[in-house]
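Encoded as structure tokens, the structure appears first; notes follow it.
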Amino acid sequence: MAIDPFGTTSVSTTTSSASSSMSQLSEDYESFITLLTAQIQNQNPLEPMDSTTFISQLAQLSQVEQSVATNSNLEGISDQLASMGAITGLSLVGRSVVTATEGVTLGEDGGSAEMSYVLAAEAATATLTVTAEDGTVLRSYTGLDTSAGARHTVVWDGLDYEGLPLPAGNYKMKLEALDSEGTTIASQTYAPLKVQSMTYENGLATLHLENGETVLAGLIEEII
């Protein structure tokens, strides 16, 4: 499941809702004051306003006032959370995060690369294929775990079919999962990718990854 260490999506939504509610409640508050004042000024001195009604209206005024104050406080808290999210997101620059992707990267020092996948339903067979950017098949892994729900890991040793080491760079991976009748099972692949930079717009922290992809900070699966 995706983690949301920054609360970026919820912060943006809360700020927008609080701002809208604050505007509406402020208008209601001003209207209530105007109407109540006019009612008191124009009451019949011989038949003054019933005290029960007056107290009820004052209670309503108090509730509206408290609602306006509460929404104002919530908006302030949302702004603070958004600022914290931006600061936390910056701390990820230079680190690797696991995210949904079709890309997998071999580092400059060669070695292996970790890949993983999640199946939407139980499958009969699952095959993970590594290709070059142009689609050339470099390596395939068969007989993989076919259970649904969990994220399964496959470690690519960085070698091709002939056992030769491949150069550092960006590659593609594709998972094909089939049920017993040969019908394709939906799936999602994941890989760790290094964060190159971060941008922050409209309350959302967007991470820019080493392979050119971008991902919202709240959608990363794991921080390495």
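Using R0 = 45 Å, the C-beta based FRET efficiency linking Thr70 and Thr125 works out to 0.20.
The mean sequence separation of alpha-carbon pairs under 8 Å and at least six residues apart, normalised by the residue count of the stretch 95-223, gives a relative contact order of 36 percent.
Each value in this text was obtained by applying a stated rule to the coordinates, not by laboratory testing. Remember, it's a predicted structure, so these values are computed and weren't measured experimentally. Using ideal geometry, Cβ is built from the backbone for each residue, glycine included, and neighbour counts are taken over all protein chains shown.
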